[in-house]
Amino acid sequence: MFEFLALESPYWLTRFVILRLLGLVYFFAFLSLVKQVIPLLGKNGLTPATLYLSQLKKQFKNKTEAVWNVPTIFWFGCSDSLLLFFAWSGVLLSFIVLIGYANVFILLALWIIYLSFVHIGQVWYGYGWESELLETGFVALFLVPLFDPSPFSSFQAPVIVIWLLLWLTFRLHIGSGLIKLRADRCWKQGTCLFYHFETQPIPNPCSPYFHFLPKTLLKIGVWYTHIIQLVVPWFLLIPGWPRVIAGIFLLLFQITLMISGNLSFLNLISIVAIIAAFNDTFLQFVMPDVIIKKAAEAATLQSTAVPYAAWIFAGVVVILSIPVVKNLCSRYQYMNTSFNQFHLVNTYGAFGSVGKVRQELVVKGTTDAKITEKTVWKEYEFIAKPTNVKRKLPIIAPYQPRIDWQIWFAAMQTPFENPWLIHFLWKLLHNDKRALSLIAENPFPKQPPKHVMIDLYRYEFAPLKSTDVWKREYIGTWVGPFDKKRLEPYVRAILGKS
């Protein structure tokens, strides 16, 4: 009954699950691009990729040096049509992987395209899960045959690749655990969860219920988090029952995080690597019989080819892990950092610091040509971020509305640190359709506003029995008000126009 606790076991089912989940993550990542890439990175986007690349090019002697240091296919063309073509190509290829077909060429194409977008993504693509997807996606290249894309080919998953995924999972959780102990006292005091569920970027419908749990339970949750991230990962290094049990605890932890908030595809891509903790004998308990039978048939036809490439790449990972390990051991640990331009081995971390107060930017406009005390300001409603205190919290992960995430960071910064938001206000003054596609509701459907501004509020969860979701308190004006004439010089400076 407990054969799954054996030290050695094949990984046909393991590979099957990893690749399907990887396809799902890629699918949502590229779907996000299809819907948002033009308003964010297009020629007339908030942060045009063409402008970014032209500025970046000045730092290099020639194009070859530029391509090597910032590897992206968009050095050779960055039109809106090309951006959309590659975004849709990613959606199609990821769907092919999701339904069961993958080989080296398909996975390599997905990796190259996504790497290319990350390198032009600027502020919108600075999150740790982008690097995690790229690292996981590249390791997965060694799980599949060169040509045969069938779900159960004769190519057996090399055990060394399983170890590479376990090493990724180890770094992810250890890095997250260490940064918590080093960056914010509330993690040592056991109080961080008093605030986290309320102040996280995009809460979901379950977040208030977590927030209002008894403080004793929330403190226990903090210590449980420390155990999961700092103790449990070590058992991944021990084959057999310690690894399986560690995988179960890590999997349940990621599922809990998914239930408690909208964290993009962070938890889902983390689960992809965690699956490497489970061998086929264990997965037989949860997989459908038809898939188990297919895996058994493939095992009888397994290839005898020696996976030299996987071992060579493992050697590369060892070398690239040196600065990562040094970072983990450093008092001045960096979170979510890539030490190479290909994002092959990275350092991770999440919520090293937890905000104690939720500050929220509320974008407003008016059609009044002259602002007076009687001016009526209407608020723009975003897809997921809080604005209307009565609006229900969304379930939107693993999809990521990137402007909603970025405006959460902007509320803790200054307007000068967020030129994209000034540009966004300019778009609102013109009722720009592409910019408006990034938000949920335009209060000025017939004619654009004459003035726009951004106010700063403090938001708190309303009591669970309240008809409101939030209660808020006005803090002050963050920036504005602006009309076209006043805002134009700032926008021209942002876009590098004289």
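The values are calculated or read from the model by the stated rules, or taken from the named source; none is laboratory data. Predicted model only: the values in this text are computed from it and were never measured. In this analysis, Cβ positions are derived from the backbone assuming ideal geometry, glycine residues included, and neighbour counts consider all displayed protein chains.
Could you check the stretch 457-498 and list, in sequence order, the residues that are under 30 Å from Leu53 (Cα atoms), among the small types (Gly, Ala, Ser) and surrounded by fewer than 11 Cβ atoms within 10 Å (Cβ to Cβ)?
Gly496, Ser498
Could you please find all residues in the stretch 476-497 being over 30 Å from Arg458 (Cβ atoms), under 31 Å from the mean Cα position of the chain (by Cα) and touching a residue at least 12 places away in the same chain (Cβ under 8 Å)?
Leu495, Gly496
Spot the failing condition for Phe339; the list is (1) out of contact with any His (no Cβ under 6 Å at 6 or more places or on another chain); (2) closer than 27 Å to His196 by Cα, and only one is missed.
The number of the failed condition is (2).
Tell me, which strands (runs of 3 or more DSSP E) wholly within the stretch 353-466 include 3 or more residues that are modelled with pLDDT under 95 and within 28 Å of Phe197 (Cα to Cα)?
Here the list is empty.
So which residues in the stretch 66-82 are among the hydrophobic types (A, V, I, L, M, F, W, C), part of a helix (DSSP H, G or I) and in contact (Cβ under 8 Å) with a residue 60 or more places away in the chain?
Here is the first cut: in the stretch 66-82, the residues among the hydrophobic types (A, V, I, L, M, F, W, C) are 66-68, 70, 73-76, 78, 82.
In the following step, the residues that additionally are part of a helix (DSSP H, G or I) were identified as 66-68, 73-76, 82.
Within the stretch 66-82, just Trp68 meets the criteria.
Considering only residues that are in contact with a Gly (Cβ under 9 Å, 6 or more places away or on another chain) and either in a loop (DSSP other than H, G, I, E, B) or among the polar types (S, T, N, Q) (or both), which ones fall in the stretch 102-132?
Answer for the stretch 102-132, where residues must be in contact with a Gly (Cβ under 9 Å, 6 or more places away or on another chain) and either in a loop (DSSP other than H, G, I, E, B) or among the polar types (S, T, N, Q) (or both): just Ala102.
Specify which of the listed residues (Pro201, Pro233, Pro208, Pro239) is out of contact with any Asp or Glu (no Cβ under 6 Å at 6 or more places or on another chain), closer than 27 Å to Asn327 by Cα and part of a helix (DSSP H, G or I). Reasoning before the result, please.
Details: Pro201 fails: part of a helix (DSSP H, G or I); Pro208 fails: closer than 27 Å to Asn327 by Cα; Pro239 fails: part of a helix (DSSP H, G or I).
It is Pro233.
How about the stretch 467-484: which of its residues are in a helix (DSSP H, G or I) and modelled with pLDDT under 95?
First, pick out the residues of the stretch 467-484 that are in a helix (DSSP H, G or I): 484.
None - no residue of the stretch 467-484 is in a helix (DSSP H, G or I) and modelled with pLDDT under 95, so the list stays empty.
Conditions (1) crowded, with 24+ Cβ neighbours inside 10 Å; (2) closer than 22 Å to Ala276 by Cβ, marked per residue:
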residue: Ala102; (1), (2): yes, yes
residue: Ile120; (1), (2): yes, no
residue: Tyr125; (1), (2): no, no
residue: Glu135; (1), (2): yes, yes
residue: Ala140; (1), (2): yes, yes
residue: Leu143; (1), (2): yes, yes
residue: Gln156; (1), (2): no, yes
residue: Ile160; (1), (2): no, yes
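Here's a check for you: in the stretch 273-290, which residue that is surrounded by fewer than 19 Cβ atoms within 10 Å (Cβ to Cβ) and either touching a residue at least 24 places away in the same chain (Cβ under 8 Å) or among the polar types (S, T, N, Q) (or both) is farthest from Trp241 (Cα to Cα)?
Applying the filter and picking the extreme gives Met287.
I'm trying to understand the selection: among the residues of the stretch 433-454, which are among the charged types (D, E, K, R) and either crowded, with 16+ Cβ neighbours inside 10 Å or not assigned by TED's automatic domain parsing to the domain that holds Lys485 (or both)?
Residues of the stretch 433-454 among the charged types (D, E, K, R): 433-434, 441, 446, 450.
Answer for the stretch 433-454, where residues must be among the charged types (D, E, K, R) and either crowded, with 16+ Cβ neighbours inside 10 Å or not assigned by TED's automatic domain parsing to the domain that holds Lys485 (or both): Arg434, Lys450.
State all residues of the stretch 410-432 that are under 26 Å from the mean Cα position of the chain (by Cα) and either among the aliphatic types (A, V, I, L, M) or exposed (fewer than 15 other Cβ atoms within 10 Å of the Cβ) (or both); if no residue qualifies, say none.
Correct list: Ala410, Ala411, Met412, Gln413, Thr414, Phe416, Glu417, Leu421, Ile422, Leu425.
Only one residue in Phe85, Phe60 is within 24 Å of the chain's Cα centre (by Cα) and either part of a loop (DSSP other than H, G, I, E, B) or surrounded by fewer than 21 Cβ atoms within 10 Å (Cβ to Cβ) (or both), so which one is that? Explain how you work it out, then say what you get.
On the way: Phe60 fails: within 24 Å of the chain's Cα centre (by Cα).
Matching residue, one of Phe85, Phe60: Phe85.
Is it true that some residue in the stretch 23-40 is assigned to a helix (DSSP H, G or I), over 19 Å from the mean Cα position of the chain (by Cα) and over 24 Å from Trp426 (Cβ atoms)?
No: the stretch 23-40 contains no residue that is assigned to a helix (DSSP H, G or I), over 19 Å from the mean Cα position of the chain (by Cα) and over 24 Å from Trp426 (Cβ atoms).
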